[in-house]
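The values are calculated or read from the model by the stated rules, or taken from the named source; none is laboratory data. This is a predicted model, so every value here is computed, not measured. Positions of Cβ are generated from backbone atoms using ideal geometry, with glycine treated the same way; all protein chains shown enter the neighbour counts. We work out accessible area using only protein heavy atoms, side chains counted, and drop any ligands, DNA or RNA first. Shrake-Rupley method; radii C 1.70, N 1.55, O 1.52, S 1.80 Å.
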Amino acid sequence: REPEVASFLDFIQQRSAPAWVYPMCVMAAHTGARRSEMLRAERQDVDSETGIITIREKKRVRGKVTTRRVPISARLKEALAALPLENGHLFGKLSVQSVQKAFMRVVGKVLSGAKDAEAKARKEAKRRTKWSVLKGYHVLRHSFISALANKGIDQRIIDELVGHQTEAMRRRYRHLYPQTVADAVKQVFG
């Protein structure tokens, strides 16, 4: 839900982490961008005047880079403004592994380091946060899509924002909150 996503972003913003972690989390949460799309993002993709970010995608047409345009929220604008001004890639030249490891460290998940299971469990218990259950940035994409669907945003607009083309893709990502479904039934049948 949106309040949980906002709480998560507040948590990430306050954590000690590389400068790109918080802006990357906000971008995933407020645009539905995939991790690979964020890693391909370039400075020129952010148009501050129009308030639009262009997302370079590869999934829509295999082997061909296509784009989609998503409005920039106030929080995303602020987060991106805090990034170092460098030419080229928006988040610098990062590997998928380094991005995932940084995310896991920030949420409090221990990836390795302890040789035996008991030592690893103790180490993880010390670092654990309520957000340790998150496996990566992709959950923020799901939250973005679910939030839009639960606010009654037209499915065509959601498809345009996130690049969905098939019903199977829509079903995989769109999770209606149980209360939304209950309210819909109540609205019709009382």
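Could you tell me whether Arg69 is open to solvent by 40 Å² or more (accessible area, probe 1.4 Å), assigned to a strand (DSSP E or B) and within 19 Å of Val99 (Cα to Cα)? First the steps, then the outcome.
On the way: open to solvent by 40 Å² or more (accessible area, probe 1.4 Å): yes; assigned to a strand (DSSP E or B): yes; within 19 Å of Val99 (Cα to Cα): no.
Considered against the rule, which asks whether it is open to solvent by 40 Å² or more (accessible area, probe 1.4 Å), assigned to a strand (DSSP E or B) and within 19 Å of Val99 (Cα to Cα), Arg69 comes out as no.
Taking the condition of being open to solvent by 70 Å² or more (accessible area, probe 1.4 Å) and of a type in the set (Gly, Ala, Ser), how many residues in the stretch 72-112 meet it? Here the count works out to 4. When the stretch 5-46 is filtered for residues that are in contact (Cβ under 8 Å) with a residue 12 or more places away in the chain, of a type in the set (D, E, K, R) and over 17 Å from Lys101 (Cα atoms), the ones remaining, listed by number, are Glu37, Arg40, Glu42, Arg43, Asp45.
The single residue among Gly136, Gly152 that is modelled with pLDDT of 70 or more, closer than 23 Å to Val21 by Cβ and in a loop (DSSP other than H, G, I, E, B) turns out to be Gly136.
Evaluating His175 against the criteria (1) of a type outside the set (D, E, K, R); (2) in a helix (DSSP H, G or I); (3) at pLDDT below 65 leaves one unmet condition, (2). Within the stretch 12-42, count every residue that is open to solvent by 40 Å² or more (accessible area, probe 1.4 Å) and part of a helix (DSSP H, G or I). Final tally of qualifying residues: 6. Of the listed requirements (1) over 17 Å from the mean Cα position of the chain (by Cα); (2) in a helix (DSSP H, G or I), Glu86 misses just one: (2).
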